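The values are calculated or read from the model by the stated rules, or taken from the named source; none is laboratory data. All figures in this text were calculated on a predicted structure; none of them were measured in a lab. Neighbour counts run over all protein chains shown; Cβ positions are idealised from the backbone, glycine included. SASA here: full protein model, heavy atoms, side chains in, ligands and nucleic acids out. Shrake-Rupley method; radii C 1.70, N 1.55, O 1.52, S 1.80 Å.
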Amino acid sequence: MNILEVFSKEDDLVEFVCTKCGYNLWVIRFIVEELEEDNIFSGLPSSTPPQPFCQICDGTMTPVSYTGIQGATYKYKK
């Protein structure tokens, strides 16, 4: 059983895409919120989305569509 099967894409998962290689990854929402909290504690502006490093290349991943804990909406457009 895949651990992500217990989560729904509508509520519990956030899709990320690598801005360099295009790799897609679904991440559990509470992990994305922790990444966003790290941004806040680091003093980054609320316009900076949570951006983990890509597992495939040395690029940065960004949310495809995500509304953050402070109400900011992030949408990735190529």
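Among the residues of the stretch 32-42, those that are surrounded by 13 or more Cβ atoms within 10 Å (Cβ to Cβ) and of a type in the set (A, V, I, L, M, F, W, C) comprise Val32, Leu35, Ile40. Based on this model, can you work out whether Pro45 counts as without any contact (Cβ under 8 Å) to a residue 40 or more places away in the chain, in a loop (DSSP other than H, G, I, E, B) and surrounded by fewer than 15 Cβ atoms within 10 Å (Cβ to Cβ)? Considered against the rule, which asks whether it is without any contact (Cβ under 8 Å) to a residue 40 or more places away in the chain, in a loop (DSSP other than H, G, I, E, B) and surrounded by fewer than 15 Cβ atoms within 10 Å (Cβ to Cβ), Pro45 comes out as yes.
Scanning the stretch 16-31 for residues that are in a strand (DSSP E or B) and either in contact with a Cys (Cβ under 7 Å, 6 or more places away or on another chain) or open to solvent by 70 Å² or more (accessible area, probe 1.4 Å) (or both) yields Cys18, Asn24, Trp26. Within the stretch 48-78, the set of residues being touching a Cys at 6+ places or on another chain (Cβ under 6 Å) and open to solvent by less than 70 Å² (accessible area, probe 1.4 Å) comprises Cys54, Cys57, Gly59, Met61.
Of all the numbered requirements in (1) within 22 Å of Tyr23 (Cβ to Cβ); (2) assigned to a loop (DSSP other than H, G, I, E, B), Ile69 misses one, and that requirement is (1).
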